[in-house]
Amino acid sequence: MNDIEFGRSLYKLYHSAVKLETAEVRDNKNCADLTVNELNLIECIRSLTKGQDGPTISSIASELDITRPSTTVAVNKLVSKKIVTKSECANDGRSVRVKLTAKGEKAYSAHHSYQNALAKEAKQYFSEDDYKTIAESISKLLDFFAGKTENIDPKD
């Protein structure tokens, strides 16, 4: 595989994964009205939740590397879908905390289950050694892309 084919393969891999996930989401009653981006936002909110405290808009924006205004718009869409709630921060009235509702938790669980099932299914196509090599290679690719994108302003 030459460099151009490799680049195209990365592009096709990404788009195939999004297409497959979009189809799966559409067929799941717990997240049928959600986009893949919204599911990723739900996953981010869940991962940043500590005990009873949901994350702030700023911490979500930072984690997803998007602007605070874009994060606010996306969170407000989830509020309108009754996936999350917003509340003022107890110790800082300027900050807003975001928490998943019961409906949001169901969507998170459905998305998480889908990702686990997909990984298990894909793993069956490889020997244990090949799977280990692929997992290490994906980790290296993630590091590569993180290094390439670390100084890109999300406003650009």
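A short reminder: the numbers here are calculations on the coordinates, not readings from a lab. This structure is a prediction, so every number in the text was calculated from the model and none was measured. Counting neighbours? That spans all protein chains shown, and the Cβs are built from the backbone with ideal geometry, glycine included.
Once the Cα-Cα distance is subtracted from the 0.36 nm per residue extended length, the LYS12 to LYS50 segment shows a gain of 10.1 nm. Annotation: the residues CYS44, CYS89, CYS31, sorted from fewest to most other C-beta atoms within 10 Å of their own C-beta, follow the order CYS89, CYS44, CYS31. Sum up the charges of everything whose Cβ sits under 14 Å from the Cβ of GLN115, counting Lys and Arg as +1 and Asp and Glu as -1, but leave GLN115 out. Within the 14 Å Cβ shell, the charges total -1. In this rough spin-label picture, where each label sits 7 Å from Cα along the Cβ direction, the GLN115-SER137 distance is 2.2 nm.
Less than 5 angstrom separates the built amide H of THR101 from those of VAL84, THR85, all sequence-distant by 5 or more or on a different chain. Find out how many positive minus negative residues lie around ALA90, taking Lys and Arg as positive, Asp and Glu as negative, among other residues whose Cβ is under 14 Å from that of ALA90. Residues near ALA90 contribute +2 overall. Among the trypsin sites (Lys or Arg not before Pro) found in the stretch 1-65, those both in a DSSP coil and sparsely packed, with 13 or fewer other Cβ atoms within 10 Å of their Cβ, are LYS29. Springs join every pair of Cα atoms under 10 Å in this Gaussian network model of the chain, and among LYS140, LYS120, LYS81 the largest mean-square fluctuation is at LYS140. For the stretch 22-119, the Cβ-based charge dipole about the Cα centre amounts to some 320 debye (Lys, Arg positive; Asp, Glu negative; other atoms uncharged). Which of rounded, prolate or oblate describes the chain when judged by the alpha-carbon gyration tensor and an a/c cut-off of 1.5? In terms of gyration-tensor shape, prolate.
Remark: the SER95-THR72 segment gains 7.1 nm on full extension, using 0.36 nm per residue and subtracting the alpha carbon distance. In this rough spin-label picture, where each label sits 7 Å from Cα along the Cβ direction, the THR149-SER58 distance is 2.3 nm. Here the sum of -39500 (n - 2.57) over DSSP H runs of 4 or more residues, divided by the residues of the chain, equals -22000 deg cm²/dmol at 222 nm, to the nearest 500.
What's the extension gain from LYS103 to GLU88 if we count 0.36 nm per residue and subtract their Cα-Cα distance? Working shown, then result.
Values: separation 15, 0.36 × 15 = 5.40 nm, distance 2.09 nm.
Between LYS103 and GLU88, full extension yields 3.3 nm more.
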